[in-house]
Amino acid sequence: MLLIPLVVSLAAAGRWGLEGPLFLGTCLALYTARQPVVMLVRGMREQGDQETGQPLLWLTIYLMAALVFGLPLLLIYHRWLLLPWAAVFVVFTGVHFYFRQRRLERTIPGELVTIAGLALTAPGAYYVVRGLEPAAVYLWVLTALYSSASVFYVRMKMKHRSLRRPASDLKERLALARDLLIYLGLLIAVLFLVVAWRQAPPLVPFAFVPLVVKVAHAVLAGGPQVNIKKIGWIEVAHSLAFTFLLSGVYLVASRS
């Protein structure tokens with residue numbers, strides 16, 4: 001959810017230079033800095049816990065790495081709008097920590113906020129390569145919409161599992177998949193609006209076809225047999241397919 005938007009946006013930008021690797025390093029450093037922050041906050045909340053030295057050390061290392069990768073983007077490539085981008089990223093991270101502190105990070109709003117924050121790598125990557133263009137925002141929307149579908153898909157599978165029996169008929173399967181189907185309908189509507197407004201290549205909806213096929217198969221097949229590890233690998237495979245297809249669509253469009 002962090003890397004897919006970044007890779008797709010670099011492909012959509014259509015240029016290859018040091019900006020992409022530098023931005024990748026910056027994003028990875030900022031992302032890994034979140035865990036030391038969690039450990040520091042936890043240590044300060046627990047009375048008598050003085051074990052803050054190691055998390056503080058790692059936080060310093062990650063922030064220094066972010067500066068090493070990020071400063072050339074500011075000083076050499078003059079991508080100063082990365083500063084407000086970083087501020088927005090911090091805001092999303094703060095909201096994520098807010099949900100996490102209240103143990104709400106696994107709720108639908110909590111997961112959607114986290115995904116939207118991670119997908120900010122899409123507009124950031126596009127901007128560092130090509131500058132500020134509307135395509136950067138639309139790439140964020142497209143990649144965030146795709147990743148968010150997994151929230152509803154996994155919940156549907158868990159509902160099937162809780163039945164401890166196969167769904168009795170298609171009506172029951174549709175009822176179990178109601179939230180997922182509503183979300184998928186909204187996603188498709190947004191896709192065609194973006195294409196109709198000529199803010200994305202006409203073939204962009206093609207990249208979402210595997211997602212639609214996956215949902216259709218899950219709804220029609222039903223059944224309580226849910227292997228969490230298998231679901232995880234299926235999601236990885238579909239994410240790779242989405243990355244390949246959407247990147248390919250933008251690369252083809254840039255050459256036509």
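Annotations
- Sparse-neighbour loop sites [trypsin sites (Lys or Arg not before Pro); segment 1-99; at most 12 other C-beta within 10 Å; DSSP]: Arg15
- Dipole magnitude for segment 1-158: about 340 debye, using +1 per Lys or Arg Cβ and -1 per Asp or Glu Cβ, origin at the Cα centre.
- Rounded to the nearest whole Hz, the Karplus-based 3J(HN,Hα) values (6.51 cos²θ - 1.76 cosθ + 1.60, θ = phi - 60°) of segment 163-169 follow the sequence 5, 6, 7, x, 4, 5, 7, with x at glycine and proline.
- When you restrict to C-alpha pairs under 8 Å that are six or more residues apart and normalise by the size of segment 182-254, the relative contact order lands at 41 percent.
- The listed residues Phe99, Phe244, Phe69, Phe23, once ranked by accessible area (1.4 Å probe) with the largest placed first, stand as Phe244, Phe69, Phe99, Phe23.
- The chymotrypsin sites (Phe, Trp or Tyr not before Pro) found in segment 107-204 that occupy coil by DSSP, while having at most 14 further C-beta atoms within 10 Å, are Trp197.
- Estimated inter-spin distance, Asp179 and Arg103, nm [label 7 Å along Cα→Cβ]: 1.9
- Under 17 Å from a label point set 7 Å out along the Cα-to-Cβ vector of Lys230, the amide N atoms of segment 135-165 belong to 154-165.
- Accessible area of Arg100 in the full protein assembly, 1.4 Å probe (Å², nearest 10): 90
- Given the choices (1) 33, 28, 14; (2) 31, 26, 17; (3) 69, 21, 14, semi-axes √(5λ) of the Cα gyration tensor in Å derived from the coordinates of this structure is entry (1).
- Arg79 long-range amide H proximity, modeled H, under 5 Å: Leu74
- For the chain: relative contact order, % (alpha-carbon pairs under 8 angstrom, 6 or more apart): 25
- Leu83 accessible area, 1.4 Å probe, all protein chains in place, Å² to nearest 10: 100
- Full-stretch length increase - Leu63, Ser254 - with 0.36 nm per residue and alpha-carbon distance subtracted: 65.2 nm
- Extension gain for Ser168 to Thr32 (0.36 nm times residue separation, less C-alpha to C-alpha distance): 44.4 nm.
- Rolling a 1.4 Å probe over the protein chains gives Val37 an accessible area of about 50 Å².
- Residue-wise HN-Hα coupling along segment 181-198, computed from phi with Karplus coefficients 6.51, -1.76, 1.60 (Hz; x: Gly, Pro): 5, 4, 4, 5, x, 5, 4, 4, 4, 5, 4, 6, 5, 4, 5, 5, 7, 6
- Candidate lysines for bridging to Lys229, where Cα separation is under 27 Å - those fewer than 8 sequence places away on the same chain excluded: Lys157, Lys159, Lys214
- Estimated [θ] at 222 nm from DSSP helical runs (n ≥ 4, -39500 (n - 2.57)) normalised by residues in the chain, nearest 500: -26000 deg cm²/dmol
- Heavy-atom SASA rank of Ile76, Ile188 (probe 1.4 Å, accessible area, largest first): Ile76, Ile188
- Whole-Hz couplings from phi, Karplus 6.51/-1.76/1.60, listed for segment 27-32; x for Gly and Pro: 5, 5, 5, 5, 5, 5
- Remark: segment 116-256 projects, on average over all directions, an area of 8.9 nm² (convex hull of Cα atoms).
The values are calculated or read from the model by the stated rules, or taken from the named source; none is laboratory data. Not measured: the values here are computed from a predicted model. Virtual Cβ from ideal backbone geometry, glycine too; neighbours counted across all protein chains shown. Remember, those area values only see protein heavy atoms, side chains included, never the ligands or the DNA or RNA. Shrake-Rupley method; radii C 1.70, N 1.55, O 1.52, S 1.80 Å.
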